[in-house]
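Beneath this line is the structure, given in structure tokens, with notes to follow.
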Amino acid sequence: CMDDNEIIHILNAQNYPSLKKCIYDKKLIFSFRGYDTLVRPLVDEKWLEKLQEIYRDASVLHFVSQYICNKAVSFGADPNKCRVIYRSVDLDFFMPAPEYDYKARPLQILSIGSLKWEKGYIYALESIRNLLDYGYDVHYNIIGEGVDLQQLTFHRERLGLTKQVYLHGFKDREQVRQAFGNAAIYFHPAVT
């Protein structure tokens, strides 16, 4: 067991290279959620070297999925340092409303997350267009903010979905809970 004064938990590994000179004689725990392992090494050759340095310096490497963990191991992370702890959702708080009418039309579909390409919303919009083309009556609600709002707005218009796709922006915890209660399907189209 490590003394709390000897542990530093770094939630964003991308900050470590600039912090490293300030950290010494500490046990380091790093958390990885995706971008730093699955995307950045593809676009930044030097990042992979920094990532491998992080793997060496870490006492524990925390990943939110087995897939991300496996990718890190393929890059040189020591499997003995790796721990997978999935993000949790309070299922009592976010439980679907028991009175939801699954035969109601239009069918309510919900996605929640940052509006950025990694979340796969362009593919989701194309999927909604396909459902409509096959005759399904659906409404797609997206909760979240992000850099791709204009792009999603453009593609919603391009695909003729302005009356079926709603971009709600940020919502608080209670509003998210209500959205879950009103949805028949939670759609998570993320590509990473």
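List every residue pair whose Cβ atoms sit under 9 Å apart, with the two residues 6 or more apart in sequence or on different chains, where the first one lies in segment 10-26 and is closer than 22 Å to Ile68 by Cβ and the second, anywhere, is at pLDDT below 80 and not polar (S, T, N, Q).
Going by the 9 Å Cβ cut-off, the qualifying pairs are Ile10/Leu19; Ile10/Ile23; Tyr16/Ile23.
So which helices (runs of 4 or more DSSP H) stay within segment 1-87 end to end and still have 1 or more residues that are open to solvent by 40 Å² or more (accessible area, probe 1.4 Å), under 28 Å from Ala190 (Cβ atoms) and out of contact with any Lys or Arg (no Cβ under 9 Å at 6 or more places or on another chain)?
Answer list for segment 1-87: 40-43, 45-57, 66-74.
Out of all the residues in segment 114-128, which are in contact with a strand residue (DSSP E or B) (Cβ under 8 Å, 6 or more places away or on another chain) and under 23 Å from Phe94 (Cα atoms)?
Leu115, Lys119, Tyr121, Ala124, listed by residue number.
Take the residues of segment 111-121 that are open to solvent by 40 Å² or more (accessible area, probe 1.4 Å) and closer than 14 Å to Phe187 by Cβ: which is nearest to the chain's Cα centre (by Cα)?
Within segment 111-121, the subset open to solvent by 40 Å² or more (accessible area, probe 1.4 Å) is 112, 114, 116-117, 119.
Right, trim to closer than 14 Å to Phe187 by Cβ and you get 112, 119.
Working: Ile112: 9, Lys119: 7 Å.
Among them, the one singled out is Lys119.
Within segment 129-165, restricting attention to residues that are under 30 Å from Asp92 (Cα atoms) and more than 20 Å from the chain's Cα centre (by Cα), which residue is most open to solvent (accessible area, probe 1.4 Å)?
Looking at the filtered set, the residue picked out is Asp137.
The values are calculated or read from the model by the stated rules, or taken from the named source; none is laboratory data. Model, not experiment: these values are computed from the prediction. For neighbour counting, all protein chains shown are included, and Cβ atoms are generated from backbone atoms with ideal geometry for every residue, glycine included. Heads up: the accessible areas ignore ligands, DNA and RNA and are worked out on the full protein's heavy atoms, side chains in. Shrake-Rupley method; radii C 1.70, N 1.55, O 1.52, S 1.80 Å.
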